[in-house]
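Please treat every number below as a calculation from the coordinates, not as lab data. Please read these numbers as outputs of a predicted model, since none were measured by experiment.
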Amino acid sequence: MLKRIFKVAGLVVVVGLLAIQLVPYGRDHANPPVQADPTWNSEVTRALARVVCDDCHSNRTEWPWYSNIAPVSWLVQRDVEEGRAALNWSQARGSEEAGESAEKVREGEMPPWVYTLTHPAANLSDADKQALIDGLIATFGGEGGEGGGD
């Protein structure tokens, strides 16, 4: 009897996972044109920001294969939409949010831990993390920095 329950439950899960693939949300993998690009203080900052920040905070998102499979696609789509809404340096430079980016990296809010699970290169060493923080301050200001952003 228990074996039959597990078979039915497994079948329900498989059918459910297949059915949710029909939900269209999470497949809009458009990258709008890049209208602006920060005047980075250095190539090092630019390279670190591309690895750690660009997927959610620019129009240069690289959509991984799993971003096509629900329900993970829903989470990835939501994260990119929220990230671009909060700060998208492909459209606006030098905004207040950009100036706060160094603080968010320093406090460990960015990049989110779930992003680093699937993007191991975003797990920065202490030295790279500090270089990114310093570069973000030099580029956008914030934390007492003047910044150059625009």
Rounded to the nearest 500, the 222 nm mean residue ellipticity computed for the chain from DSSP H runs (n ≥ 4, each -39500 (n - 2.57)) alone is -16500 deg cm²/dmol
One would report the Cα pair-distance distribution of the range 39-150, bin width 5 Å, in %, as 2, 12, 23, 26, 19, 11, 5, 2, 0
If the chain between Arg60 and Asn31 were fully extended at 0.36 nm per residue, the gain over the current Cα-Cα distance would be 9.8 nm
